[in-house]
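Here the structure comes first, spelled out in structure tokens, and everything after it is commentary.
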Amino acid sequence: MNIKENLAYIKSQLPAHVTLIAVSKTKPLEQIQEAYEAGQRDFGENYAQELAEKETLLPKDIRWHAIGHLQTNKVKYIAPFVHLIHAVDSSKLLEEINKQALKNKRVIDCLLQIYIAKEETKFGFSFEECEGYLKTEDFQKLKNIKIVGLMGMATNTNNDKQIRAEFNSLHAFFQKLRREPETSNLKLETLSMGMSSDLKIAIEEGSTMVRVGSSIFGERDYSK
Ligand SMILES: *Cc1c(COP(=O)(O)O)cnc(C)c1O
């Protein structure tokens, strides 16, 4: 596994407007450092405590992305420094992020996770729930978060047509929401979709941010 070569290869496939998040969950510090030395600055992690620990030990100019399902009681670990939270899947979680951001005297950028997969285990808002929620006063009064885009995960399937249709529907919804006026805590710019297995389709369907782990660092071993 040559991390530097993998990064260079993936970057060569990405249009200039697409940001690459290197997903380093379960990976050791040395491998993150290696990617850092190759010029990578955006890293994604799923587990709040792992993310917070790595942040203390690695260079300060890394932009840390919390990418997976986040439990409300874990927000406090990452609130002081996190660059972007990708998977905000409930109003309760967003309210807690707002509270912790206020405590840290900052505004935390977030993406709302939209449920597009045909699987029962995935988290997120439906299109209707998302549109409804953004119109509520409960949302509009949150001053220490900013919704800067949407995130979605396609069904885990080999059916490329299905994956494409799911990403396409999210992109269309993103474009629709973007036609609404911006507010102080809503400014949609980022569409986070695509990982190692469906990167190419995601880019063709309008992704602006991809989260790539195994194609950079190799398969993960959860047994350790
Ligand atoms: C682990 C993970 C990724 C990266 O997955 P790979 O298949 O290794 O590229 C992307 N997004 C989320 C939310 C993840 O949990």
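The values are calculated or read from the model by the stated rules, or taken from the named source; none is laboratory data. Note that the coordinates shown come from a computational prediction; the quantities given were computed from them, not determined experimentally. Because the Cβ atoms are built from the backbone with ideal geometry, glycine has one as well, and the counts that use them run over all protein chains shown. Just the protein is used for accessible areas: all its heavy atoms, side chains included, with ligands, DNA and RNA removed. Shrake-Rupley method; radii C 1.70, N 1.55, O 1.52, S 1.80 Å.
Every residue, every condition in (1) at pLDDT 95 or above; (2) over 16 Å from the mean Cα position of the chain (by Cα), yes or no:
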residue: Arg179; (1), (2): yes, yes
residue: Glu182; (1), (2): no, yes
residue: Gly194; (1), (2): yes, no
residue: Leu199; (1), (2): yes, no
residue: Ser215; (1), (2): yes, yes
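Restricting to segment 36-52, name every residue that is assigned to a loop (DSSP other than H, G, I, E, B), open to solvent by 20 Å² or more (accessible area, probe 1.4 Å) and within 15 Å of the ligand (Cβ to nearest atom). Steps first, answer last, please.
Within segment 36-52, the first condition is being assigned to a loop (DSSP other than H, G, I, E, B), and the residues that meet it are 38-41, 46-47.
Within this subset, residues satisfying the condition of being open to solvent by 20 Å² or more (accessible area, probe 1.4 Å) are 38-39, 41, 46-47.
Asn46, Tyr47 - these are the residues of segment 36-52 that are assigned to a loop (DSSP other than H, G, I, E, B), open to solvent by 20 Å² or more (accessible area, probe 1.4 Å) and within 15 Å of the ligand (Cβ to nearest atom).
Taking segment 15-51, which residues are closer than 15 Å to His86 by Cα and of a type in the set (A, V, I, L, M, F, W, C)?
Leu20, Ile21, Ala22, Val23, Phe43, Ala48, Leu51, listed by residue number.
Do we find a residue being open to solvent by less than 60 Å² (accessible area, probe 1.4 Å), within 15 Å of the ligand (Cβ to nearest atom) and among the polar types (S, T, N, Q) anywhere in segment 76-90?
Looking for residues that are open to solvent by less than 60 Å² (accessible area, probe 1.4 Å), within 15 Å of the ligand (Cβ to nearest atom) and among the polar types (S, T, N, Q), one finds none in segment 76-90, hence no.
When segment 203-215 is examined, which residues are found to be closer than 18 Å to Gly68 by Cα and either assigned to a loop (DSSP other than H, G, I, E, B) or of a type outside the set (Ser, Thr, Tyr) (or both)?
Within segment 203-215, Ser207, Thr208, Met209, Val210, Arg211, Val212, Gly213 qualify.
For segment 198-224, name all the residues that are charged (D, E, K, R) and in contact with a helix residue (DSSP H, G or I) (Cβ under 6 Å, 6 or more places away or on another chain).
Asp198, Glu205
Within segment 10-35, work out how many residues are farther than 15 Å from Leu199 by Cα and open to solvent by less than 40 Å² (accessible area, probe 1.4 Å). Outline the logic, then answer.
We begin by selecting, within segment 10-35, every residue farther than 15 Å from Leu199 by Cα; these are 24-35.
This time we only want the ones that are open to solvent by less than 40 Å² (accessible area, probe 1.4 Å), so: 24-25, 27, 32, 35.
The total comes to 5.
Consider only pairs whose beta carbons are under 7 Å apart and that are at least six residues apart or on different chains; among these, list those whose first residue lies in segment 40-53 and is farther than 11 Å from Ala66 by Cβ and whose second residue is within 13 Å of the ligand (Cβ to nearest atom) and in a strand (DSSP E or B).
Pairs found: Gln40/Ala22; Asp42/Leu20; Asp42/Ile21; Asp42/Ala22; Asp42/His65.
Filter segment 53-75 for residues that are farther than 24 Å from Leu150 by Cβ and open to solvent by 50 Å² or more (accessible area, probe 1.4 Å) and give the result.
Once the filter is applied, which keeps residues that are farther than 24 Å from Leu150 by Cβ and open to solvent by 50 Å² or more (accessible area, probe 1.4 Å), segment 53-75 yields Glu53, Thr56, Leu57, Lys60, Asp61, Asn73.
Being of a type in the set (S, T, N, Q) and open to solvent by less than 20 Å² (accessible area, probe 1.4 Å) is the filter here; which residues of segment 131-167 pass it?
Initially, segment 131-167 is screened for residues of a type in the set (S, T, N, Q), giving 136, 140, 144, 155-159, 162.
The one that is of a type in the set (S, T, N, Q) and open to solvent by less than 20 Å² (accessible area, probe 1.4 Å): Thr155.
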